[in-house]
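See below for the structure under consideration.
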Amino acid sequence: MAGIIEDENDDRVPISLRPEWSDVTPIPQDDGPNPVVPINYSEEFSEVMDYFRAVYFANEHSSRALSLTAEAIGLNAGNYTVWHFRRLLLESLKVDLHVEREFVGKVASGNSKNYQIWHHRRWVAEKLGLEARNSELEFTKEILSIDAKHYHAWSHRQWVLQTLGGWEDELNYCNELLAEDMFNNSAWNQRYFVITRSPFLGGLKAMRDSEVLYTVEAIISYPENESSWRYLRGLFKDESALYVNDTRVSSVCLKILKTKSNYLFALSTLLDLICLGYHPNEDFKDAVEALRTWDFGEQDSDIARTICSILEKVDPIRVNYWIWRKSRLPQVA
Amino acid sequence: MATSSPPTEAEALSPTVSQRDQWIVESHVFQIYQLFASIPPNAQSLMLEVQRDKHIEYLTKGLHHLSSTFSVLDSNRPWLCYWIIHSIALLGEFIDDEIEDNTVDFLNRCQDPNGGYAGGPGQMPHLATTYAAVNTLITLGGDKALASINRDKLYGFMRRMKQPNGGFSMHDGGEIDARACYTAISVASVLNILDEELIKNVGDFILRYTFCGLAAMILIGEANRLDLPRLLDWAVFRQGKECGFQGRTNKLVDGCYSFWQGGAVALLQRLHSIIDEQMAEASQFSTISDVHEENESLAGTSSHATCRIKHEGMNESHSPDFKNIGYNFINEWRASEPLFHSMALQQYILLCAQDQDGGLRDKPGKRRDHYHSCYCLSGLSLCQYSWSKRPDSPPLPKVVMGPYSNLLEPIHPLFNVVLEQYREAREFFAGL
């Protein structure tokens, strides 16, 4: 493949021809005579890394070394050694971290699903402290506007809120995202994060009531949406008795069951409630019976067993799970 | 319909992004399944075949040569070794001696004189690449490969990565998260260098990564601190009508989750006694009826009592036997039916994740890669052995989808190495 190198910048001057590098001897990679998984590096890549090794092993803290790390990162943003060395340089050269933040932003635009970039971003933000708060929230918001479930962006955003604050608008932001896409589990996850930890909201206990109302509405609009049912359960984390006794929870199950449509989570939630001690009344028993569409087999007087049987049929991908659940039902008095 | 119905007219005008993306994937996948259903049995059998030769060709090629587009994986070369060599081992093939020697030699050049393995020669040691390198060497087996691991220095490296908050940093000045904890603990466990110093407070730190968190907690003997029934319920719901697993709720199916999620369910199944205890406890605490409690079966009551005592006494007398957890884990009895749908998952992997030119992938329309080849095959192995009463007893033909020649080697689900190789390594390191 002589002369054909992908993505080579024609204006680029090889390092070996740059006067400011003339005193440095590049160090080739110690791959050994017969390496496995050998990569057919471009000439540019090899050269940059050969010179990087030279400054890295010599522990040279200079601005030419800093520039070189930027070149290396441009070729492989996953090289954590280069990022680490860059951080050492940024510190000893006392570089303006606002400029560094811009640099990371640019690198991220091509590589947003890379751990090293986000780790570096966090390091920069930590050093900048409080003043970085808004820019970090903005930055993650931009990424989330393209990919509303971006794992690293959410993770970073949560770190920013916890470390630097900025909680004021977060619940509202969740509302917006959920209004756009009620199935966005990341947004539900963030919602939980906010209501439990925001210093402005009073914590889970204080928020539970309004959150139950919100979630029940969400369930009614999209009963097939697993996220909202799980969120509802999460609102009662460590408080099973409250979950069992909150009539809004059991009511929404009943409501959905009666529609005879998209009732999978209504059934499984009812089952969970029963396993936690809930005693369903005749309305529930009738609604469940109405879903039993087969004539064969005896009618089970135990509603929990009936629910499991129905689930075995209507949720076949989890048939073994429902059979197992049936075998683990609490003993009937 | 119990599950998600087709949109109403109003909904169809404005599906959400999640709904739209999901329906697109569903239609691709269902097209494949419909084609499969429409062809005669002989053709079906062919379609279900694991394309062994093609996969081996694709994998072996990667060991010898990778194009410049792989430059972005220049700090992940031990991972490439592991993904490729583990996949080859799963397919029951052997690596020839020369490649084996070259691999041991190469990984040795990635080994830092002060302990740990880096992503490539001359780079800093990193916990994830250490995990990949060690697992590769275990998969290769034999004295040369196993003895090449400098355990003492590696222990020192891990102690340096250990953080005051209990977690581990991936590398000097690196990110601290559950992946780092799992990779550290897994390596320490299999090399028999796991001790109190490495374990302390890890359990307090474990967070988001389900498989990593669960496996790490099991290895340090603290799985009972997790709400296992809820975790199990969540995990089984990650398998959808496409038959494969998704990574998170309302996200798209991806072949690699065959291992990360399927594996989590497989791990959870082996914790059945803790799960039963936790479920019994849950129903006890919520019950408001005295009558109900009195009529509780003796077994239920005593299990509840035992459960309480265990939790109270946990910190005092009980020190988990973490030197043997990995080994005991595969020898304990487990339930006979997998709680996820093994046949459906196999169907997804065989029909949707295989690239006919060799290698496996995320989903139809995505390109094959070594990472997905590794985790799709690992997931397939899990499925095939999911009914086995003993971890490596050959499964009955009826639980293996497609021809019986599809059978892969069994794995140890905590470490994801081929079981036979794990046993060899355990023997090698146990006396040291």
Find which of B:S148, B:Q123, B:V236 sits farthest along the positive direction of the dipole of chain B, computed with +1 on the beta-carbon of Lys and Arg, -1 on that of Asp and Glu, about the Cα centre. B:Q123
Just tell me which lysines come within less than 22 Å, Cα to Cα, of A:K255; anything on the same chain fewer than 8 places away is out. A:K285, A:K313
Pairs beyond 29 Å (Cα-Cα), from B:K241/B:K366; A:K258/B:K241; A:K149/B:K363; A:K106/B:K200: A:K106/B:K200
Build a GNM of chain A with springs between Cα atoms under 10 Å: which of A:Q29, A:Q116, A:Q190 gets the top mean-square fluctuation? A:Q29
Simple Cβ-charge dipole of chain B, Lys/Arg +1 and Asp/Glu -1, about Cα centre, in debye nearest 20: 560 debye
Between the stretch B:155-228 and the stretch A:228-281, what is the C-alpha centre distance in whole Å? 36 Å
So if I take the centroid of the Cα atoms in the stretch B:36-54 and the same for the stretch B:63-91, what is the distance between those two points in Å? 28 Å
The long-range amide H neighbours of B:I411, using H built 1.01 Å from N in the peptide plane and a cut-off of under 5 Å, are B:L419
Most positive-pole-ward Cα, B:I95, B:F70, B:A37, against dipole of the protein assembly as shown from beta carbon charges: B:A37
Rounded if a/c is under 1.5, else prolate if a/b is larger than b/c, else oblate: which is the stretch B:368-423, with a ≥ b ≥ c the root eigenvalues of its Cα gyration tensor? oblate
Highest GNM mean-square fluctuation among B:S386, B:S258, B:S68, for chain B with Cα springs under 10 Å, belongs to B:S68
Highest GNM mean-square fluctuation among A:K149, A:K127, A:K94, for chain A with Cα springs under 10 Å, belongs to A:K94
A convex hull over the alpha carbons of the stretch B:146-274 yields, per residue, a volume in Å³ of 129 Å³
Between the alpha-carbon centers of the stretch A:51-119 and the stretch B:364-393, tell me the distance in whole angstrom. 38 Å
About the Cα centre of chain A, how large is the charge dipole given +1 on each Lys and Arg Cβ and -1 on each Asp and Glu Cβ? Please answer in debye to the nearest 20. 1260 debye
Report the net charge of residues surrounding B:R426, where surrounding means a beta-carbon distance below 12 angstrom and charges are Lys +1, Arg +1, Asp -1, Glu -1. -1
What translational diffusion coefficient, in µm²/s and rounded to a whole number, does the Stokes-Einstein relation yield for the protein assembly as shown at 10 °C and a viscosity of 1.306 mPa s, taking the hydrodynamic radius as the Kirkwood radius over Cα pairs? 57 µm²/s
Add +1 for every Lys or Arg and -1 for every Asp or Glu among the other residues with Cβ under 15 Å from the Cβ of B:P229, and state the total. +3
If the viscosity is 1.002 mPa s and the temperature 20 °C, what translational diffusion coefficient in µm²/s does Stokes-Einstein give for the stretch A:45-194 when Rh comes from Kirkwood over Cα pairs? 130 µm²/s
Mind putting a number on the dipole of the protein assembly as shown about its Cα centre? Charges go on the C-beta only, +1 for Lys and Arg and -1 for Asp and Glu, and I need it in Debye to the nearest 20. 780 debye
Partners for A:K205 among lysines (Cα-Cα distance below 19 Å; same-chain residues under 8 apart left out): A:K237
Run lengths n ≥ 4 of DSSP H only: what is the helix-derived mean residue ellipticity at 222 nm for chain B, with -39500 (n - 2.57) per run over all residues, to the nearest 500? -16000 deg cm²/dmol
Under 16 Å from the Cα of B:K389, which aspartates and glutamates turn up, not counting those fewer than eight places away in the same chain? B:E332, B:E337, B:E409
With only helices counted (DSSP H, runs n ≥ 4, each -39500 (n - 2.57)), the per-residue ellipticity at 222 nm for chain A, to the nearest 500, works out to -19500 deg cm²/dmol
The stretch B:324-432: which trypsin sites (Lys or Arg not before Pro) are DSSP loop and have at most 12 other beta-carbon atoms within 10 angstrom? B:R367, B:K389
In whole Å, what three semi-axes, largest first, describe the equivalent ellipsoid of chain B built from its Cα gyration tensor (square root of 5 times each eigenvalue)? 33, 32, 21
Please identify the chymotrypsin sites (Phe, Trp or Tyr not before Pro) of the stretch A:22-114 that satisfy two criteria: DSSP loop assignment and at most 13 other Cβ atoms within 10 Å. Which are they? none
Surrounding charge for A:Y231, neighbours by C-beta under 11 angstrom, Lys/Arg +1, Asp/Glu -1, total +2
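Determine the shape class of the stretch A:61-139: with a ≥ b ≥ c the square roots of the Cα gyration tensor eigenvalues, call it rounded for a/c under 1.5, and otherwise prolate if a/b is greater than b/c, oblate otherwise.
Details: a/c = 1.95, a/b = 1.18, b/c = 1.65.
Oblate is the answer for the stretch A:61-139, as a/c is 1.5 or above yet b/c matches or exceeds a/b.
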The ³J(HN,Hα) series, computed from each phi in the stretch B:246-263 with the Karplus coefficients 6.51, -1.76 and 1.60 at θ = phi - 60°, rounded to the nearest Hz and given as x for glycine or proline, is 9, x, 9, 3, 6, 9, 8, 4, 8, x, 5, 5, 3, 8, 4, 8, x, x
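Read the figures in this text as sums done on the coordinates, not as results from a lab. Being a predicted model, the structure only gives us computed values, none of them experimental. Methodologically, a virtual Cβ is constructed for each residue, glycine included, from the backbone with ideal geometry; neighbour enumeration extends over all protein chains shown.
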